[in-house]
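K.L.:
I'd like to ask you about the structure that follows.
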Amino acid sequence: MARTKLYTGIYVALFVIATLQVGVEQIGLLESSYMLALGLITVFSLIKAVVVAGYFQHLVWEPRSVTYVLLLGFVGFLALTVAASYSIL
Amino acid sequence: MTDDNQPRTDGGTATALPGDSHDDDHLPPRWSLKRWLVTTNHKDVGLLYLATAMFFLVFGGVLALLIRAQMWSPRAPGTGVLSAMAYNQAVSLHGLIMVFWFISPFATGFANYIVPLQIGAEDLAFPRLNALSYWLYLASGILVFASFFLGSSYAGGWTLYAPLNIPAFMPSIGATTTVFAIVVFCASVTVGGVNFITTIHRMRAPGLTMRSLPLFTWSWLLTVWMMLLAFAALLAAVMILLSDRMLGTTYFAATTAGGSVLWTHLFWFFGHPEVYIVFFPALGAMAEIFQTFSGNRIVGRKWFIVSMVLVALQSFIVWMHHMFLTSINLEVKTLFMATTIGISLPFDLMVFALIYTLIKGRIRWDTPMLYAFGALVLFIVGGITGVFLGAVVLDYEFRGTYWVVAHFHYVMVSGATGLVAALFYWFPKMTGKTYDEFLGKLSFAVYFTGFNMLYFPLFLAWGTPRRVFAYRPEYVGWHRLASVGAVILGIAFLLIIYNLGKSIVTGDDAAANPWPYSTTAEWAVASPPPIDNFPGKPSYTSGNLEFLDDSATAAAAADGGTAATDGGHAALEPGHGDDVHVDHASIWPAAIGLFTVVTAIGLSGLQVGSFPAGLEGLFYQGASVLGVLGLIGSTTAMGYENFTAHEGGLGEAWPFEGVENTKMGMWVFLASDVVLFGAFIGAAIFLRVAYGWTHWHPIPHNPIPGLVNTYLLLTSSFTVILALVAAQKRSRKGVVASLGLTFLLGLGFLANKAIEWVVLFSEGTGLDSSVRASTYYLTTGLHMGHVIAGLLITAYLIWRAWNGAYTDGNDETLEYFGLYWHFVDIVWLFLFPLFYIV
């Protein structure tokens, strides 16, 4: 299968990113620069999620409309979370 | 404007064909109870929905009459026909029943019956899931009915506001049963939504583009999209509430900072789209009726559709106008006041389109048209009076008063009025009988009089506080007028039921197309239609509806012609005239519904972590065990069952060409699961913001066990991919080994999590220790539930693979499972940092 190498590479990359994510905490960045650390950890999570969805779930090879369906749910989550949290600031 | 360049696929002429033979030979006869227990045919399921919804209309209506009897005079507690608690139950359950168990399912009944006919499909994409959706709906209805007999039903208002909804204030087992009923209803809606979205997008006849889709189908498509996302948020809300009630988590406790506001956010994120979920099907039916009875195509059809799409999208950004009296800040109130005004604009356009359609046409005032026109008038009143509530300052005055009661009844019941119009409109099609026109018109006169006598005085008595039976004496006259109006409206419904019931028995036979100028495809087949709907393959490729024989369809497909527009398989699907047997019967959806009732009643007995003592506790525990075993058995049996359904895929499938039905269904389901998990994660983030973000520390002391679990899940995702690769290489051992590894990795994840929880419990950190602990346990627990479900499926797949499945070129099941498993992985990628690191 031609894509086995691609899948393996992605798996290794995901493994590394997950480790880096905890590394941010282990080096004490959360204590010294909380917002930077929070931003980095969030970005790492987003990258991992996009890669898993894109390649393991084959979204990159599906019609783009399927991606939009999932984005619809994700935008709903963001709208609820951001607006609700902002409403009590 | 007119769209004369468009093929008039819904605006053309529906030519009725001679009656087909009613080939129901795969099903027991209609008079047999067995038929209604096993049927999966969309028309039967539609009738079941309609009949059940009518029952709940009567149930909710009786509660309404009790409310109006209590409101005859201002009351002190303990006086009048109802006790204080009985009144609270009547008010709460009247709202819940009418919104959840009457209006939407009533619309679902029409959609089940009519939408496949309108789009040229023989059935829905997943007939057994369609039946399951109905049986879950009925199960939820039985639960809400049973809740009255389990101590007390829910009595805190239909919006279930916190903290009134937790056991400290609402301790009865029946109240938990009511919440369970809503959970099951949400499940029913999700299953139905996935089915309809897949069907309408993927199973349209050749030539039936989205642009030329009939307006009722358009309105229903947007309704189910809204349902899919909005009900996922409600499902999250009621699952959290169940957890607070059954397990003792503290999300909505009075002592939790932001807990009560969190409920309002979750509820109204669902609740405002729900207004359009209720009204859209009625609007679509009204549009069809206006066209038929004015003999005129809807004016500005394209813009009418665009407006519906805009409203569906905007409905998700207006929910905080229901919260102007809470502690949310002024900036966000102002923003949501603007979005609320914004959503009225596309609705105005639709109302003007309907009015102008009538002005340009020659109206025939038959009963469906009377009700449809009445619905429009009532909706306009409801819409205008709602504008007051969208303005922050006015809302301060009106919120919590009978102005709101009057306004939302004008809106919601105008939707019901539109559906009554639909009932008369499609009655001849569904029953093959004509109704009594005189009685129909009489019922409308009584209905319209009763409706306005009931609800308009409530505007005038607006100073009456909602949900209580004490009010100022000067409002007595208006309330008595309303109570008389309620009786008259009740008589109107009895007239409707009598008319239609009598007509089913003694009415004249209806023609296939009893309405001049009707244009949609359901009128082109016999009344009622045959089991597979059409005498051939419906096609709109010529611009008008035609029925092709199978040889023509196969030829078109083989030629790569318009009949195979999804670029997929050119093979002829199962259907009319070919030799492939299509199933229409399965008992398992009904069995799952039955065991859902047993399980939910049993688990309702679990209150804050323990069952009642003695025999009562034994009853609830026994029911829980029996129900769960039954559910596992019936679900497994349904999985094993050989069931062939229509595949579709030979017609229009934009924008999902090349995505087969099951895969699309899985993606749509996952989109709703995104919202479900999103609402859980959003709830945790919201409570953390309310608590003070940086004062909130993760419950697990060490992120390393969480990291290990991340490694385990990532690896299990990889092994699922390897299983798919092995299947494509036709390696049975490879598939079994990869899936086996997936199973072991999943087990490892659960074991690691179990150890973590045991350690935390031993340290005294339970679910009720703090809101931090509650969010951690419940959100990661929901994820664990998904992992366990995935492992059960994995075990089944291993067994199947061991017996040679998936290596014969049919590896789709592995791919669909992978979509789910990778999603579970993705969710963990967010839960891990949120609950272990930051």
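K.L.:
What residue, of B:F316, B:F352, is in contact with a Pro (Cβ under 9 Å, 6 or more places away or on another chain), assigned by TED's automatic domain parsing to the domain that holds B:F444 and aromatic (F, W, Y)?
P.N.:
Checking each option against the conditions leaves just B:F316.
K.L.:
Find the residue count for the range B:657-697, including only residues that are more than 19 Å from B:V827 (Cα to Cα), at the interface with chain A (Cβ under 7 Å from one of its Cβ atoms) and at pLDDT 95 or above.
P.N.:
Selection size over the range B:657-697: 2.
A quick yes/no check of all residues on (1) surrounded by fewer than 20 Cβ atoms within 10 Å (Cβ to Cβ); (2) modelled with pLDDT of 95 or more; (3) in contact with a His (Cβ under 6 Å, 6 or more places away or on another chain):
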site: B:R467; (1), (2), (3): yes, no, no
site: B:T520; (1), (2), (3): no, yes, no
site: B:P528; (1), (2), (3): no, yes, no
site: B:A556; (1), (2), (3): no, no, no
site: B:A571; (1), (2), (3): yes, no, no
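K.L.:
So if I check each of B:G295, B:G259, B:G342, which one is surrounded by fewer than 20 Cβ atoms within 10 Å (Cβ to Cβ), farther than 30 Å from B:P514 by Cβ and in the same structural domain as B:I384 (by TED's automatic domain parsing)?
P.N.:
That would be B:G342, the only listed residue that is surrounded by fewer than 20 Cβ atoms within 10 Å (Cβ to Cβ), farther than 30 Å from B:P514 by Cβ and in the same structural domain as B:I384 (by TED's automatic domain parsing).
K.L.:
Can you find a residue in the range A:19-41 that is within 30 Å of B:V735 (Cα to Cα), in a helix (DSSP H, G or I), more than 7 Å from chain B (Cβ to nearest Cβ) and touching a residue at least 12 places away in the same chain (Cβ under 8 Å)?
P.N.:
No: the range A:19-41 contains no residue that is within 30 Å of B:V735 (Cα to Cα), in a helix (DSSP H, G or I), more than 7 Å from chain B (Cβ to nearest Cβ) and touching a residue at least 12 places away in the same chain (Cβ under 8 Å).
K.L.:
If you don't mind, another one. Given the options A:E62, A:E25, name the one that is of a type in the set (D, E, K, R), farther than 30 Å from B:A726 by Cα and out of contact with any Asp or Glu (no Cβ under 8 Å at 6 or more places or on another chain).
P.N.:
One residue alone meets the criteria, A:E25.
K.L.:
Is it fair to say B:G651 is more than 10 Å from chain A (Cβ to nearest Cβ), in contact (Cβ under 8 Å) with a residue 40 or more places away in the chain and touching a strand residue (DSSP E or B) at 6+ places or on another chain (Cβ under 8 Å)?
P.N.:
yes
K.L.:
Of the numbered conditions (1) surrounded by fewer than 18 Cβ atoms within 10 Å (Cβ to Cβ); (2) at pLDDT 95 or above; (3) more than 7 Å from chain B (Cβ to nearest Cβ), A:F15 fails exactly one; give the number of that condition.
P.N.:
With (1) surrounded by fewer than 18 Cβ atoms within 10 Å (Cβ to Cβ); (2) at pLDDT 95 or above; (3) more than 7 Å from chain B (Cβ to nearest Cβ) applied to A:F15, the lone miss is (3).
K.L.:
Please go through the range B:791-827 and give me each residue that is within 14 Å of chain A (Cβ to nearest Cβ) and either assigned to a loop (DSSP other than H, G, I, E, B) or free of Cβ contacts under 8 Å to residues at least 60 places away in the same chain (or both), ordered by number.
P.N.:
Result: B:T807, B:D811, B:I826.
K.L.:
Would you mind finding the one in B:F347, B:F336, B:F304, B:F293 that is in contact with a helix residue (DSSP H, G or I) (Cβ under 9 Å, 6 or more places away or on another chain) and modelled with pLDDT under 95?
P.N.:
Just a single option satisfies the conditions, and that option is B:F347.
K.L.:
Taking the residues in the range A:1-12 that are touching a residue at least 12 places away in the same chain (Cβ under 8 Å) and surrounded by fewer than 19 Cβ atoms within 10 Å (Cβ to Cβ) as candidates, determine which candidate is nearest to B:S717 (Cα to Cα).
P.N.:
Out of the qualifying residues, it is A:Y7.
K.L.:
Within the range B:764-774, can one find any residue that is surrounded by fewer than 17 Cβ atoms within 10 Å (Cβ to Cβ), in a helix (DSSP H, G or I) and not polar (S, T, N, Q)?
P.N.:
no
K.L.:
Please tell me if B:L266 is surrounded by fewer than 24 Cβ atoms within 10 Å (Cβ to Cβ), within 27 Å of the chain's Cα centre (by Cα) and closer than 25 Å to B:P163 by Cβ.
P.N.:
The answer is no for B:L266.
K.L.:
Ok, one more. Report, ordered by the first and then the second residue, all pairs with beta carbons closer than 9 Å, sequence separation of six or more or different chains, a first member in the range B:483-500 that is closer than 19 Å to B:A461 by Cα, and a second member that is of a type in the set (S, T, Y) and assigned to a helix (DSSP H, G or I).
P.N.:
B:G485/B:T449; B:G485/B:Y455
K.L.:
Assuming B:A645 fulfils every condition listed in (1) at the interface with chain A (Cβ under 10 Å from one of its Cβ atoms); (2) part of a loop (DSSP other than H, G, I, E, B); (3) crowded, with 20+ Cβ neighbours inside 10 Å apart from one, which condition is it?
P.N.:
(1)
K.L.:
What helices (runs of 4 or more DSSP H) completely inside the range B:390-506 contain at least 1 residues that are in the same structural domain as B:F290 (by TED's automatic domain parsing) and within 27 Å of the chain's Cα centre (by Cα)?
P.N.:
Per the criteria, B:402-431, B:437-460, B:476-506.
K.L.:
Regarding A:Y55, is this residue touching a Ser or Thr at 6+ places or on another chain (Cβ under 8 Å) and hydroxyl-bearing (S, T, Y)?
P.N.:
no
K.L.:
Looking only at the range A:43-89, how many residues end up being among the basic types (K, R) and more than 7 Å from chain B (Cβ to nearest Cβ)?
P.N.:
Matching residues across the range A:43-89 total 1.
K.L.:
I need a count of the residues in the range B:699-723 that are aliphatic (A, V, I, L, M), in contact with an Asp or Glu (Cβ under 8 Å, 6 or more places away or on another chain) and either surrounded by fewer than 24 Cβ atoms within 10 Å (Cβ to Cβ) or within 9 Å of another protein chain (Cβ to nearest Cβ) (or both).
P.N.:
1
K.L.:
Further question on the same structure: Tell me the residue from B:I289, B:I197, B:I277 that is within 14 Å of another protein chain (Cβ to nearest Cβ) and in a helix (DSSP H, G or I), please.
P.N.:
B:I197
The values are calculated or read from the model by the stated rules, or taken from the named source; none is laboratory data. Keep in mind that this is a model prediction, so the values were computed, not measured. As a convention, Cβ positions derive from the backbone with ideal geometry for all residues, glycine included, and neighbour counts pool all protein chains shown.
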